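Shown next, in structure tokens, is the structure this report addresses.
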Amino acid sequence: LFGGELVAYHAVGTGGRAMEELIADGVVTGVFDVSPGEMTALVVGGPFSAGPERMRAAGRLGIPQVIAPGGLDFIIEGPLEGLPACYAGRKTMVHTPDITLVRTSAAEMEAVARLIAGRLAESRGPAAAILPLRSFGDFARPGRPLYDPESDRAFVRTFKACVPPHVTLVELDTHLNDPLVGET
């Protein structure tokens with residue numbers, strides 16, 4: 001599509017920083033950021049943040065970017081037995097022995113929506129957002145451990161209210177892992 005290679009990054013802090021550096025260096029010609037979960041880590045002060053420059057390089061350079069809200073619906077933390085007390089009573093999912101996912105609250109999702117909409121507002125080039133309306137990942141689908149449609153709706157509502165008019169918004173009545181998201 002772009003006449004180049006596809007490069008994938010893990011959204012665990014170092015991956016987002018590496019991606020932003022390559023974009024800033026002019027190596028990347030387009031961004032499909034389907035998993036900007038590091039933005040949630042930035043909002044909550046989580047250990048897997050990519051820092052305050054996450055989601056800025058593409059906008060500064062004006063290269064095309066498409067985002068989707070994958071990984072925004074949980075906070076990556078360490079082992080379950082070491083979770084901070086502030087997460088007591090939250091939905092959790094042990095991903096690996098060293099990684100526990102903590103479900104984001106509606107207020108956190110609203111803050112992340114404002115942050116991402118603000119990053120897209122800075123864009124000097126084409127920008128689009130794909131919003132799957134049923135869930136932002138497999139772990140948050142009905143019957144799964146992080147299912148919380150109220151928090152997902154808080155993100156969608158806030159994002160739609162804050163996203164600037166120059167950003168193309170595509171709403172899909174499906175979940176993030178549906179092939180339709182990638183085809184859109």
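The values are calculated or read from the model by the stated rules, or taken from the named source; none is laboratory data. These numbers were taken from a predicted model, which means no experiment stands behind them. Note that we place each Cβ from the backbone using ideal geometry, even for glycine, and neighbour counts take in every protein chain shown. Remember, those area values only see protein heavy atoms, side chains included, never the ligands or the DNA or RNA. Shrake-Rupley method; radii C 1.70, N 1.55, O 1.52, S 1.80 Å.
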Reported set for segment 23-54 where residues are open to solvent by less than 60 Å² (accessible area, probe 1.4 Å) and in a helix (DSSP H, G or I) is Ile23, Glu38, Met39, Thr40, Ala41, Leu42, Val43, Val44
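Select, from Ala24, Ala41, Ala11, the only residue that is modelled with pLDDT under 90 and at negative phi. So that I can check it myself, show each step before the final result.
Numbers: Ala24 fails: modelled with pLDDT under 90; Ala41 fails: modelled with pLDDT under 90.
Among Ala24, Ala41, Ala11, only Ala11 is modelled with pLDDT under 90 and at negative phi.
Which one of Ala154, Ala127, Ala117 is crowded, with 17+ Cβ neighbours inside 10 Å, among the hydrophobic types (A, V, I, L, M, F, W, C) and in contact (Cβ under 8 Å) with a residue 60 or more places away in the chain? Give the steps one after another, and end with the answer.
Values: Ala154 fails: in contact (Cβ under 8 Å) with a residue 60 or more places away in the chain; Ala117 fails: in contact (Cβ under 8 Å) with a residue 60 or more places away in the chain.
Residue meeting the stated conditions: Ala127.
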Which of the residues spanning segment 55-94 are of a type in the set (Lys, Arg), touching a residue at least 60 places away in the same chain (Cβ under 8 Å) and either in a loop (DSSP other than H, G, I, E, B) or open to solvent by less than 20 Å² (accessible area, probe 1.4 Å) (or both)? Arg56
Pairs, first farther than 10 Å from Leu72 by Cα in segment 26-53, second aromatic (Phe, Trp, Tyr), C-beta under 9 Å, six or more apart: Thr29/Phe2; Gly30/Phe2
When residues of segment 100-114 are limited to those that are in a helix (DSSP H, G or I) and open to solvent by 10 Å² or more (accessible area, probe 1.4 Å), the one farthest from Gly51 (Cα to Cα): Ala106
